[in-house]
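Since the structure comes first, as structure tokens, the remarks are kept for the end.
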Amino acid sequence: MIEILLVLTALLAVGVLGLATMLVTPHLMIELGLSILVTGLVMGVPTSLWYHVELYRILARKAAVPHRWWLSPVELHVRLASEEVARIKPWFTLGGVGFALSVAGGIAAIAGLVLAG
């Protein structure tokens, strides 16, 4: 469910940023996009890293962690009890929001660069 929300948020951000290109100068668009991108990275990278650390710790206590588990960690959530999911959910959510901000900021910066042309 959270993934759908993240995708919809990213699509909304792309639409809003598309409209903003009509109102905002390309150079301002580049600056805003890069600021949003950096904010997303600063927020998303540490929280995503901690999510993976916590998930690994929880899974390793129960059984052997699958090879390349980090490529699709959401599939492993079914192995977790509800209190374990509650323990990793804030980090999972913040990492996803950081990713969405990074993507939206990158798209905005690229749009500004294209418009500055």
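No lab work stands behind these numbers, since they all come straight from the coordinates. Model, not experiment: these values are computed from the prediction.
In whole Hz, what ³J(HN,Hα) sequence does the range 46-62 give by Karplus (6.51, -1.76, 1.60; θ = phi - 60°), x for Gly and Pro?
Result, ordered by residue: x, 5, 5, 4, 5, 4, 5, 4, 5, 4, 4, 4, 5, 5, 5, 5, 8 Hz.
For the range 56-117, treating each Cα as an identical point scatterer without solvent, what Debye log10 I(q)/I(0) comes out at q = 0.13, 0.20, 0.26 1/Å?
-0.52, -0.82, -1.11
Using Cα-only point scatterers and the Debye equation, what is log10 of I(q)/I(0) for the range 1-49 at each q in 0.33 Å⁻¹, rounded to two decimals?
Result of the Debye calculation: -1.10.
Could you give the length gained on full extension between Glu54 and Ile2, defined as 0.36 nm per residue of separation minus the Cα-Cα distance, in nm?
16.8 nm
Can you give the helix-only mean residue ellipticity at 222 nm for the chain, where every DSSP H stretch with n ≥ 4 adds -39500 (n - 2.57) and the sum goes over all residues, rounded to the nearest 500 deg cm²/dmol? Spell out each step's value before the answer.
Working: 3 runs with 94 residues, N = 117.
Helices in the chain give a 222 nm mean residue ellipticity of -29000 deg cm²/dmol.
What is the Å³ per residue value for the convex hull set by the Cα atoms of the chain?
Details: hull volume 10.9 nm³, N = 117.
Output value, Cα hull per residue: 93 Å³.
Give me the number: length gained by fully extending Ser72 to Thr25, i.e. 0.36 nm times residue separation minus the C-alpha to C-alpha distance, one decimal in nm. Mind showing how you got there, number by number?
Values: separation 47, 0.36 × 47 = 16.92 nm, distance 3.96 nm.
Here the answer is 13.0 nm.
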